[in-house]
1. Kindly evaluate LYS129 against the criterion of being farther than 17 Å from TYR50 by Cα, more than 17 Å from the chain's Cα centre (by Cα) and free of Cβ contacts under 8 Å to residues at least 12 places away in the same chain.
2. LEU18 is checked against (1) modelled with pLDDT of 95 or more; (2) aliphatic (A, V, I, L, M); (3) touching a strand residue (DSSP E or B) at 6+ places or on another chain (Cβ under 9 Å) and fails just one. What number does that condition carry?
3. Of the residues SER107, SER57, SER89, which is surrounded by 13 or more Cβ atoms within 10 Å (Cβ to Cβ), in a loop (DSSP other than H, G, I, E, B) and in contact with a strand residue (DSSP E or B) (Cβ under 6 Å, 6 or more places away or on another chain)?
Amino acid sequence: MKTISIFKISYIFLAGALLLSGCATDVMTGKSTMAFVPNSQINSAAAEQYATVLKDSKVVKGTPDAIMLDRVGWKLVAAAEKWVTAQGSPNHFKDYQWSFALIQDDSINAWAMPGGRIAFYTGILPVTKNEAGIAVVMGHEIAHAILNHGQQRMSADMIQQGGLLGTQILLGTTGMSKKTQELSMTAAGAGTSILGTLPFSRKHEDEADYLGLVLMTIAGYDPHEAPKLWERMNALGGSSGPAWLSTHPSHEGRIKNLRDSIPKAQATAAQLR
């Protein structure tokens, strides 16, 4: 019986998904990007989830750190408004509701939800050290929100899941044993992650790193603080694993990219101040 190549099956379904995909314009590149779910729907869901997180967390308010976080956030939002206007998208933030929350938690983490909802955990403050360090992280998170990375990642996940489901259906018609089908599905899942969604996520991280540099520079912060922050992060120890098996760049790679990007970010920021 004729066997269908797993790579051919994946290709067929990837092509079909791309043909049926929705598109939006990437504000950074001006190119079309995936957008299966409208931002209005995503932002509404994000607002509910954000509210739930804050309700279930100990939110720090009124302290010097919380006040500083809020100050940095709004300075970077002002910088972001200048940037999107320069890109020809002055109404980019019309559906955004910016919010900056400091959560009492030892985790070294910060994150952004679609629509401008951002949270910092107190555990990251010893690493940021100062206001400029907070601006590095905040600029990165605001950049994720500006660039609609949540929408793009959701769309990529939909393609992956749809492709794997189609692959599973087609494998059932090949006469393969159940064990062989299971092994083939495992290979297909690993392949789409390594060749698709993981690089897609690393691309998002690189974009957010660069735009974050631009935004913090427009806001008056020194972009040289960005590689310094990641040097401190790297000094904490632990392995980030091979870059090609991670959704984030390696610390060393990120530090180098940030250093190399500073002159370009400064030149871009100088035009918008």
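The values are calculated or read from the model by the stated rules, or taken from the named source; none is laboratory data. No experiment lies behind these values; they were computed from the predicted model shown. Methodologically, a virtual Cβ is constructed for each residue, glycine included, from the backbone with ideal geometry; neighbour enumeration extends over all protein chains shown.
1. no
2. Single failed check for LEU18: (1).
3. Exactly one residue qualifies, and that residue is SER57.
Each row is one residue, and each column tells you yes or no for (1) closer than 25 Å to TYR121 by Cβ; (2) acidic (Asp, Glu); (3) in contact (Cβ under 8 Å) with a residue 24 or more places away in the chain.
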| position | (1), (2), (3) |
| --- | --- |
| VAL53 | yes, no, yes |
| LYS58 | yes, no, yes |
| ASP65 | yes, yes, yes |
| ALA80 | yes, no, yes |
| GLY88 | no, no, no |
| HIS92 | no, no, yes |
| GLN97 | yes, no, yes |
